[in-house]
Amino acid sequence: MIPYEKLQSMPYGGDYNPEQWPEETWEKDMELLEAAGINTLTLNVFSWAAIQPSEDVYDFSRLDRIVALAERHHMHIVMATSTGAMPAWMAHRHPDILRVDREGRKRRFGGRHNCCPNSPTYLTYAPRLAEKLALQYRDHESIVAWHISNEFGGECYCENCEKAFRTWLKGKYQTIANVNAAWDTAFWGHTFYDWDEIVAPSMLSECGSWGGRDHTMFQTITLDYKRFLSDSMLHAYDLERDAIKKIIPGAQCTTNMMGVFPGLDYQKWAQHEDFVSWDNYPSPGQTYAEIAMPHDLMRGVGGQKPFLLMEQTPSVTNWQPYNALKRPGIMRLWSYQAIAHGSDSVMFFQMKRSIGNCEKYHGAVIDHVGTGETRVYREVASFGEELKKLGPAVFAKETKSSVALIFDWDTWWSSEASAGPTQDYWYRTEILRFYEPLRQMKVNVDIIGQQDDFSGYRLVIAPVMYMVKPGVAARLEQFVQAGGTFVTTYFSGFVNEHDLVTVGGYPGELRQLLGIWVEEEDALPEGAENHFTYHGVRHPAQMLCDLVHLEGAAQLDGAGYEEDFYRGMPVVTRNAFGGGQAYYVAAASDESFYRDFLTDLLAEAGTAPLTEGDADVEVTTREDARARLWFYLNHADGEKRVSIAAAGRDLITGEAISVGERTIAGRDVLIVEESLDR
Ligand code: GLA
Ligand code: ZN
């Protein structure tokens with residue numbers, strides 16, 4: 001749980017690294033930050049070397065002073081454990097902590113996020129540091145949350161990892177025969193006779209020299225290795241979390257996630273956190289829906305509970321090819337967007353720009369000039385003022401949605417690692433094909449996992465459900481049977497949880513529900529198109545074209561391929577199944593197709609958009625038993641129109657807002673609080 005009992009107003013602040021600065025500068029930083037309405041500091045993110053200068057020496061004196069300073073200035077503290085980068089002496093004395101990369105090269109000291117997740121040194125010293133920190137700061141009421149390490153991720157192929165992989169496999173499969181079956185090692189005579197014969201799938205073994213996104217020849221092994229690495233890092237997280245909770249049982253622990261990040265199965269990770277937090281760094285040129293999608297994903301991994309926005313830049317990043325400034329008003333707009341999708345905080349990286357090395361030109365609240373006389377500081381301060389008024393009005397409100405998109409890490413890993421059918425396929429893009437029009441249509445969307453409960457939704461969409469995990473097909477059948485609407489696409493139902501093909505005809509376990517058989521799948525090169533007509537409008541069929549036979553499903557009006565030898569075969573099918581409908585979309589198409597198709601699906605599913613208005617105006621809701629908040633966000637530079645769906649109070653100005661047409665200024669936001677008190 002987000003520690004609401006300690007928070008009077010929304011956490012506003014972020015990473016502050018005073019250890020990079022002379023102590024006499026701290027006081028002035030604090031004055032500036034406090035004056036900007038900053039109330040929360042994430043401290044101690046990268047201070048391991050300072051706190052633990054050698055094996056048994058721990059020195060908290062400087063951190064004590066930083067904590068005292070923050071407390072004097074009424075700050076809440078998010079206390080990081082500092083284990084995101086090892087000290088140099090540790091790497092030198094205990095090289096087991098250094099990773100081995102996929103090429104098989106042993107890394108040397110340098111960089112960050114670089115500890116081997118199975119290194120005995122790391123697994124000893126990291127939780128020990130967490131425990132020492134907990135002992136040192138257990139009585140500090142100012143600490144609202146514990147931030148474990150920083151942005152876990154990356155890979156390691158060292159011998160310790162290889163050994164741990166064998167242990168992990170024993171736990172999962174018990175016998176070597178089960179491993180051989182799960183990995184289909186009869187292929188290319190890879191049969192293992194003994195656990196010790198199993199090696200990590202690196203460039204020295206299974207990777208390289210074969211097509212496919214991840215350049216692996218054995219997707220089965222690579223898939224398990226990805227799961228294993230995610231689990232290994234999660235284990236390291238757990239050790240730190242447990243070390244803290246042993247000392248402070250009520251500690252609220254989290255780690256900052258990275259949204260649509262391929263390295264870790266966040267649906268699994270979130271179960272180990274007290275609440276989800278994440279770092280939002282959109283790429284230049286992303287649409288507002290692309291920026292919204294990871295917020296919904298992060299809310300989803302946490303079981304649709306509110307999350308904390310742990311980092312975003314107040315102005316500019318410095319690690320992208322072109323680091324555009326956030327234009328005036330964009331920081332505020334995107335902060336509200338995070339809130340609109342479930343965030344209960346607005347936090348930045350970082351409070352003060354460093355003077356050296358790779359982040360010296362990354363945006364910060366306090367710039368190198370060192371004063372409050374900057375555009376960025378002024379925007380932060382004025383937004384701080386505004387958030388104070390919002391206070392806890394937003395807290396703990398949940399998003400209600402009748403539409404769910406299924407997003408699954410194993411599906412992501414296995415479908416992108418697949419050798420064939422096309423290099424143009426990306427899982428994230430497939431999710432966005434459906435997510436983007438839904439956003440524009442002003443529909444709340446939950447992003448859920450295969451393991452989640454479908455029964456509360458009217459419409460469940462599973463773009464490229466390549467992998468179908470055990471029991472999921474039956475649960476989808478029940479969902480549709482009971483009246484739900486289900487949609488999936490090409491390249492679905494192909495494999496089981498081991499990435500082994502489900503024989504007996506694609507889409508495998510989904511065949512009966514969809515009432516179709518996919519005999520073949522054609523990959524069209526970039527630019528090539530087939531066509532089909534949907535509701536009288538001609539659309540392209542692109543990228544992948546499935547050759548579908550009807551087995552009970554109906555081909556939707558006109559929706560058949562127009563060219564090539566599979567001319568006339570269906571592109572969009574619908575199967576009546578019990579009280580509901582199951583749809584199949586056999587090829588990728590253009591935006592207007594997805595919009596028209598989704599409009600029909602929403603009607604079919606008996607659900608409607610929240611309201612209507614210009615496409616640039618994003619609308620979401622969050623609610624509890626007493627009030628529903630309506631967020632209207634204008635992502636355009638100029639004025640746009642939206643229809644206000646429910647009357648209430650403008651949460652920012654206090655003004656009464658009535659139902660009906662309204663314009664919203666460019667980059668502006670309207671939050672209407674609708675009372676549900678009866
Ligand atoms: C990540 C890290 C931060 C910082 C920012 C810069 O989110 O957690 O330490 O490097 O990126 O964008
Ligand atoms: Zn390792």
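See the values below:
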| read-out | value |
| --- | --- |
| Condition met for ILE248 (more than 27 Å from ARG428 (Cα to Cα), buried (at least 22 other Cβ atoms within 10 Å of the Cβ) and among the aliphatic types (A, V, I, L, M)) | no |
| Counted residues, the stretch 87-110 - those being within 15 Å of ligand 2 (Cβ to nearest atom) and closer than 26 Å to HIS215 by Cβ | 11 |
| Candidate set from the stretch 260-295 (those that are free of Cβ contacts under 8 Å to residues at least 12 places away in the same chain and not small (Gly, Ala, Ser)); member that is farthest from ligand 2 (Cβ to nearest atom) | GLN286 |
| Selection from the stretch 386-411 of residues that are part of a helix (DSSP H, G or I) and of a type in the set (S, T, N, Q) | THR411 |
| Residue that is nearest to ligand 1 (Cβ to nearest atom), among those in the stretch 116-162 that are in contact (Cβ under 8 Å) with a residue 24 or more places away in the chain, of a type in the set (Ser, Thr, Tyr) and under 28 Å from ARG65 (Cα atoms) | SER149 |
| Members of the stretch 33-72 that are within 16 Å of ligand 1 (Cβ to nearest atom), of a type outside the set (A, V, I, L, M) and in a helix (DSSP H, G or I) | TRP48 |
| Check on PHE593, in the same structural domain as ALA473 (by TED's automatic domain parsing), of a type in the set (A, V, I, L, M, F, W, C) and not in a strand (DSSP E or B) | yes |
| Filtered residues of the stretch 21-66 (kept if without any contact (Cβ under 8 Å) to a residue 60 or more places away in the chain, of a type in the set (Gly, Ala, Ser) and surrounded by fewer than 16 Cβ atoms within 10 Å (Cβ to Cβ)) | ALA49, SER54, SER61 |
| In the stretch 94-115, the residues that are among the basic types (Lys, Arg) and within 16 Å of ligand 1 (Cβ to nearest atom) | ARG112 |
| Number of the condition not met by THR191 [criteria: (1) without any contact (Cβ under 8 Å) to a residue 40 or more places away in the chain; (2) within 16 Å of ligand 1 (Cβ to nearest atom)] | (2) |
| Yes/no for PRO18 being free of Cβ contacts under 8 Å to residues at least 40 places away in the same chain and surrounded by 15 or more Cβ atoms within 10 Å (Cβ to Cβ) | no |
| Flag if PHE165 is open to solvent by less than 60 Å² (accessible area, probe 1.4 Å), within 13 Å of ligand 2 (Cβ to nearest atom), aromatic (Phe, Trp, Tyr) and in contact (Cβ under 8 Å) with a residue 40 or more places away in the chain | yes |
| Residue in the stretch 137-153 that is away from ligand 2 (no atom under 15 Å from the Cβ), farther than 15 Å from ASP238 by Cβ and of a type in the set (Lys, Arg) present | yes |
| Condition met for ALA292 (open to solvent by less than 20 Å² (accessible area, probe 1.4 Å), closer than 25 Å to GLY666 by Cβ, touching a Leu at 6+ places or on another chain (Cβ under 7 Å) and away from ligand 1 (no atom under 14 Å from the Cβ)) | no |
| Residue in the stretch 361-376 that is under 21 Å from LEU325 (Cβ atoms), within 16 Å of ligand 1 (Cβ to nearest atom), surrounded by fewer than 15 Cβ atoms within 10 Å (Cβ to Cβ) and under 28 Å from the mean Cα position of the chain (by Cα) present | yes |
| Test result for THR621, within 23 Å of LEU387 (Cα to Cα) and among the polar types (S, T, N, Q) | yes |
| Among residues of the stretch 112-136, those that are within 28 Å of the chain's Cα centre (by Cα) and within 15 Å of ligand 2 (Cβ to nearest atom), counted | 10 |
| Filter result (surrounded by fewer than 19 Cβ atoms within 10 Å (Cβ to Cβ) and not hydroxyl-bearing (Ser, Thr, Tyr)) within the stretch 276-288 | PRO284, GLY285, GLN286 |
| Count - residues of the stretch 327-351 that are within 13 Å of ligand 1 (Cβ to nearest atom) and assigned to a loop (DSSP other than H, G, I, E, B) | 2 |
| Yes/no for GLY263 being farther than 21 Å from ALA130 by Cβ and outside the structural domain of ASP453 (by TED's automatic domain parsing) | yes |
| Hey, GLU623 in contact (Cβ under 8 Å) with a residue 12 or more places away in the chain and open to solvent by 50 Å² or more (accessible area, probe 1.4 Å) or not | no |
| Candidates CYS253, CYS207, filtered to the one that is hydrophobic (A, V, I, L, M, F, W, C), under 30 Å from THR42 (Cβ atoms) and either outside the structural domain of LEU133 (by TED's automatic domain parsing) or modelled with pLDDT of 95 or more (or both) | CYS253 |
| The stretch 627-643, subset without any contact (Cβ under 8 Å) to a residue 60 or more places away in the chain and small (Gly, Ala, Ser), residue surrounded by the fewest Cβ atoms within 10 Å (Cβ to Cβ) | GLY638 |
| Only listed residue being more than 17 Å from GLY660 (Cα to Cα), more than 29 Å from the chain's Cα centre (by Cα), among the aromatic types (Phe, Trp, Tyr) and open to solvent by less than 50 Å² (accessible area, probe 1.4 Å), chosen from TYR566, TYR584 | TYR566 |
| Single residue of ASP96, ASP101 found to be farther than 30 Å from SER382 by Cβ, touching a helix residue (DSSP H, G or I) at 6+ places or on another chain (Cβ under 6 Å) and at pLDDT 95 or above | ASP96 |
| Subset tally (residues that are under 13 Å from the mean Cα position of the chain (by Cα), under 20 Å from THR83 (Cα atoms) and among the aliphatic types (A, V, I, L, M)) for the stretch 242-277 | 5 |
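For every residue, the table says whether it meets (1) in a loop (DSSP other than H, G, I, E, B); (2) more than 29 Å from ALA528 (Cβ to Cβ).
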position	(1), (2)
SER354	yes, yes
TYR361	yes, yes
GLY384	no, yes
TRP413	no, no
ARG433	no, no
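Residue-by-condition table, conditions (1) touching a residue at least 24 places away in the same chain (Cβ under 8 Å); (2) in contact with a Pro (Cβ under 7 Å, 6 or more places away or on another chain); (3) of a type in the set (Asp, Glu):
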{"position": "VAL480", "(1), (2), (3)": "yes, no, no"}
{"position": "THR485", "(1), (2), (3)": "yes, no, no"}
{"position": "THR489", "(1), (2), (3)": "yes, yes, no"}
{"position": "SER492", "(1), (2), (3)": "yes, yes, no"}
{"position": "GLY505", "(1), (2), (3)": "no, no, no"}
{"position": "GLY508", "(1), (2), (3)": "yes, no, no"}
{"position": "LEU514", "(1), (2), (3)": "yes, yes, no"}
{"position": "VAL518", "(1), (2), (3)": "yes, yes, no"}
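The values are calculated or read from the model by the stated rules, or taken from the named source; none is laboratory data. Predicted model only: the values in this text are computed from it and were never measured. Positions of Cβ are generated from backbone atoms using ideal geometry, with glycine treated the same way; all protein chains shown enter the neighbour counts. Just the protein is used for accessible areas: all its heavy atoms, side chains included, with ligands, DNA and RNA removed. Shrake-Rupley method; radii C 1.70, N 1.55, O 1.52, S 1.80 Å.
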